[in-house]
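Reviewing the structure listed below.
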Amino acid sequence: MNEAVRAFRELQAEGVIRRFALGGAAALIFYTEPVLTYDIDFFVLVDVPVGQLLSMQPIYEHLHRKGYMVVGEQILIGDAPVHVLVAYNPLVEEAVHEARELPFNGELVPVITPEYLIAIALQTNRYKDRERARLLWEQAAIDEAKLNDILTRHGLMEVWEAVRSQQ
Amino acid sequence: MRSGEELPEVVRHVLEFKAARRKALANLPPEEKLRLIVEMQKWARAAHIATGRPPTPVWNLAMLMRRAQESS
C-alpha cells in the first residue's frame with residue numbers, strides 16, 4: 001500500500017494526476033472488519049484540456065517508466081494489482097476531493113471517507129456493494145448529517161432506505 | 001426450523017459471539033487487517049485448488065513490505 005501511495009504521489013507531483021484516493025474494498029480496512037479482495041482501487045482526478053479526450057496512457061506510461069509492470073488495466077505493485085479509476089462522475093470527484101489522510105505503516109494514505117464509500121456503493125448497487133454499505137453503517141463511525149447530505153444531493157436516499165429496510 | 005421461530009439459545013449465543021468478534025476485528029489496526037486479507041486469500045486459493053477450480057491470487061505481503069521499506 002505504501003509503495004503504491006508513493007508512486008501515486010509522484011504522479012501528482014509531476015502533474016499527471018490532480019488528486020487520488022484509496023477506495024473499494026481495500027479502503028474498508030480503515031473503517032470495518034477486513035473483507036476479501038484481490039486488488040487495490042485508486043480513484044484519481046485528472047485535468048483534461050477542453051476538447052481533448054481523457055486518456056489513461058500518461059498514467060500507465062509514467063508507472064511503466066518507474067519500473068512497474070502494467071498488465072492490461074492493472075499495475076502490479078509487488079504482487080498487488082492496482083486499478084486506476086478516473087473519477088467518473090460528480091459523486092466520485094467529490095469523494096476524492098474530500099478524502100482524508102490516514103496513517104498506515106507510518107505513512108499517510110488518502111482514503112475516501114466512509115460516508116462517500118457508502119454513497120459510491122449505493123450508486124454501483126451490486127449485491128456486494130449493498131453489503132459493503134451496510135457493513136460501513138454497522139461498523140464505521142458515520143457522520144449521519146454528512147451522509148444524508150451526500151445521499152440527498154446525489155439522489156441516493158431512496159436506495160439507502162431500501163437497503164436499510166432489509167436489515 | 002420455520003421462519004419467525006425463535007432461535008435456540010445455543011445458536012443465539014454463537015451469533016452474539018460472532019457479532020462481538022466482528023466488532024473486535026473492525027477495531028484492529030489497518031495493517032493487521034491487510035494481513036488478514038492475505039490470509040483469506042490463501043484460504044480462498046486452497047479451496048479453489050481443492051475443488052478443481054483455477055487458483056486465485058495471493059499477495060506477497062512480505063515482498064510488498066520489503067519493497068515499501070526499500071523505496072522509502
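The values are calculated or read from the model by the stated rules, or taken from the named source; none is laboratory data. Everything numeric here is computed off the predicted structure, so don't read it as measured data. Neighbour counts are summed over all protein chains in view; Cβ atoms, including those assigned to glycine, are modelled from backbone coordinates with ideal geometry.
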**OP:** Take the residues in segment A:43-74 that are within 15 Å of A:Glu10 (Cα to Cα) and aliphatic (A, V, I, L, M), then tell me which one is nearest to the other protein chains (Cβ to nearest Cβ).
**Re:** A:Leu63
Original post:
Looking at A:Ala141, is it in contact (Cβ under 8 Å) with a residue 12 or more places away in the chain, under 21 Å from A:Arg100 (Cβ atoms) and surrounded by fewer than 21 Cβ atoms within 10 Å (Cβ to Cβ)?
Top reply: yes
Subject >> Inter-residue pairs, beta-carbon under 7 Å, first more than 7 Å from chain A (Cβ to nearest Cβ) and in segment B:30-59, second surrounded by fewer than 16 Cβ atoms within 10 Å (Cβ to Cβ) and among the charged types (D, E, K, R), 6+ apart >> reply: B:Val58/B:Lys42
Original post:
Right, B:Val10: out of contact with any Asp or Glu (no Cβ under 9 Å at 6 or more places or on another chain) and modelled with pLDDT under 85 or not?
Top reply: yes
